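The values are calculated or read from the model by the stated rules, or taken from the named source; none is laboratory data. This structure is a prediction, so every number in the text was calculated from the model and none was measured. Here the Cβ is made from the backbone with ideal geometry for all residues, glycine too, and neighbour counts use every protein chain on show. To get the accessible areas, we keep the full protein, side chains included, count just its heavy atoms, and leave off ligands, DNA and RNA. Shrake-Rupley method; radii C 1.70, N 1.55, O 1.52, S 1.80 Å.
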Protein chains: 4
Amino acid sequence: MDDPTDAEQACFEAGIKFGSLYHQFAGTPVSPDSTRSLERAMAEAIENQPHCESVTVEIHDDRVRAAIEHENDYTELTGSLMDVQMRIEYEGVTVRTAMEMADGYPLMSIVGVERPGE
Amino acid sequence: MDDPTDAEQACFEAGIKFGSLYHQFAGTPVSPDSTRSLERAMAEAIENQPHCESVTVEIHDDRVRAAIEHENDYTELTGSLMDVQMRIEYEGVTVRTAMEMADGYPLMSIVGVERPGE
Amino acid sequence: MDDPTDAEQACFEAGIKFGSLYHQFAGTPVSPDSTRSLERAMAEAIENQPHCESVTVEIHDDRVRAAIEHENDYTELTGSLMDVQMRIEYEGVTVRTAMEMADGYPLMSIVGVERPGE
Amino acid sequence: MDDPTDAEQACFEAGIKFGSLYHQFAGTPVSPDSTRSLERAMAEAIENQPHCESVTVEIHDDRVRAAIEHENDYTELTGSLMDVQMRIEYEGVTVRTAMEMADGYPLMSIVGVERPGE
């Protein structure tokens, strides 16, 4: 077993933030009236975590509206309602990650890794 | 077994909101920089739920600061860091509830029940 | 504003347990291989809470299977996948509650209230 | 920006699982009577996630007992009450991770990375 490289450690940190964001906030009651405050709270909460330089969360009002059942005024937050981007910095390595819909399913992925000196 | 009265149903609804708020958001990373956005998102999220007329959440910056461990810049949200008040309306019954510290432990309680005609 | 009756307080306690159970565990990764352990952990966790005498959780394997997307081996727990029953006791009052599907949507409700002397 | 290596992707997946486990289950009511069922449900839930070969969770009964406040019979799950180990496999790379107490604070870390051919 090797110790992780700085870039591997940076990717581990990036994954922690994504799992945290998703499982902390999935299930939150959401309506078109509360998307802006939830986006902001999610971003600011996860930006508190170490090595997390930037988080943007976009909850799509039109998808929220479509998900609301006929007898209710709200739905529960799931990955299919939002896009998320993050930037993680660790020992000079930058990792960019995103959660976006792929084949009808929200996929968390690494957009790119920027190593020192590149 | 009896069917519940309107006031009993109102109190049940009030309890659901409190349990929801607490277990949805407990554990969220929080620092003095993110208290305002988290307060607002919590209130607006739970106000989406049926019969929930008003939610106020106050996260105490001084308690957050005191809870932050020496090597970190944030802590996790727990009941001891905040006060919450809610107003529930159901079929003319108003229930007011609060979560506040009692003997060092956060206690969810009914502040009062106002019945129609009172 | 009146103080709550014992039955109203019992219904408030019942609501807290339901909101707690739902928002603690909604979003948990679940497959037909992990339904039994999740049911048991949910019931035992919520039975720890005060005045909560009994919790039964049934996660329907067939609904879990139907909810699993084609490219995955699991889904996330939502109210539509399970039935829940609880019994709350407070100062001699018994409240029975249930979450079941109604019109395609999971509804938390009071099944009945049993008062002392009944 | 480079595409991630297989080992970097494996570390990202490992991080997702850790963030998921922590933020899904932190805050769960727990007592010495419910530690075993919670350990098992946590491990089986996260093992559902892709590339997650093995999860072990140990909740320390003595720490749970010590955390229980005088007037209660339970506490809420936090990182300081448990040890977690995971093994992630991705395209022939094995990543081992652990959460253990370090300086009084629960730390998620990569124990080692095993590359193909090693």
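Annotations for the structure displayed:
- Test: residue in segment C:82-98 that is part of a strand (DSSP E or B), open to solvent by less than 60 Å² (accessible area, probe 1.4 Å) and within 21 Å of A:Tyr22 (Cβ to Cβ): yes
- Residues of segment C:18-41 satisfying the condition of being assigned to a helix (DSSP H, G or I) and away from chain B (no Cβ under 12 Å): C:Thr35, C:Arg36, C:Ser37, C:Leu38, C:Glu39, C:Arg40, C:Ala41
- Residue match in segment B:69-78 (condition: open to solvent by 20 Å² or more (accessible area, probe 1.4 Å), closer than 30 Å to B:Ala7 by Cα, in contact with a strand residue (DSSP E or B) (Cβ under 8 Å, 6 or more places away or on another chain) and part of a strand (DSSP E or B)): no
- Members of segment D:37-47 that are without any contact (Cβ under 8 Å) to a residue 12 or more places away in the chain and of a type in the set (Asp, Glu): D:Glu44, D:Glu47
- In segment A:55-80, the residues that are within 10 Å of chain B (Cβ to nearest Cβ) reach residues that are at pLDDT below 90 with C-beta atoms within less than 8 angstrom, at least six apart or across chains, in these pairs: A:Glu71/C:Asp103; A:Glu71/C:Tyr105; A:Asn72/C:Tyr105; A:Thr75/A:Glu69.
- Flag if A:Arg40 is under 13 Å from the mean Cα position of the chain (by Cα) and open to solvent by 40 Å² or more (accessible area, probe 1.4 Å): yes
- Meets criteria (of a type in the set (Val, Ile, Thr), under 15 Å from the mean Cα position of the chain (by Cα) and over 20 Å from B:Gln49 (Cα atoms)) for C:Thr94: no
- Taken over segment D:84-107, the criterion of being modelled with pLDDT of 95 or more, touching a Ser or Thr at 6+ places or on another chain (Cβ under 8 Å) and not hydroxyl-bearing (Ser, Thr, Tyr) is satisfied by D:Val84, D:Gln85, D:Met86, D:Arg87, D:Ile88, D:Ala98.
- Here A:Leu21 meets each of (1) at pLDDT below 95; (2) among the aliphatic types (A, V, I, L, M); (3) under 12 Å from the mean Cα position of the chain (by Cα) with one exception, condition (1).
- The set of residues in segment A:56-68 that are exposed (fewer than 14 other Cβ atoms within 10 Å of the Cβ) and among the small types (Gly, Ala, Ser) contains only A:Ala66.
- Residue list for segment D:83-97, restricted to those being in contact with an Asp or Glu (Cβ under 7 Å, 6 or more places away or on another chain) and within 12 Å of chain A (Cβ to nearest Cβ): D:Arg87, D:Ile88, D:Tyr90, D:Val93, D:Thr94
- Condition check for C:Glu53 on (1) part of a strand (DSSP E or B); (2) crowded, with 17+ Cβ neighbours inside 10 Å: one failure, at (2).
- Segment D:18-36, subset without any contact (Cβ under 8 Å) to a residue 24 or more places away in the chain and open to solvent by 10 Å² or more (accessible area, probe 1.4 Å), residue nearest to A:Leu21 (Cα to Cα): D:His23
- Residue count for segment A:1-17, restricted to those that are more than 7 Å from chain D (Cβ to nearest Cβ) and buried (at least 24 other Cβ atoms within 10 Å of the Cβ): 1
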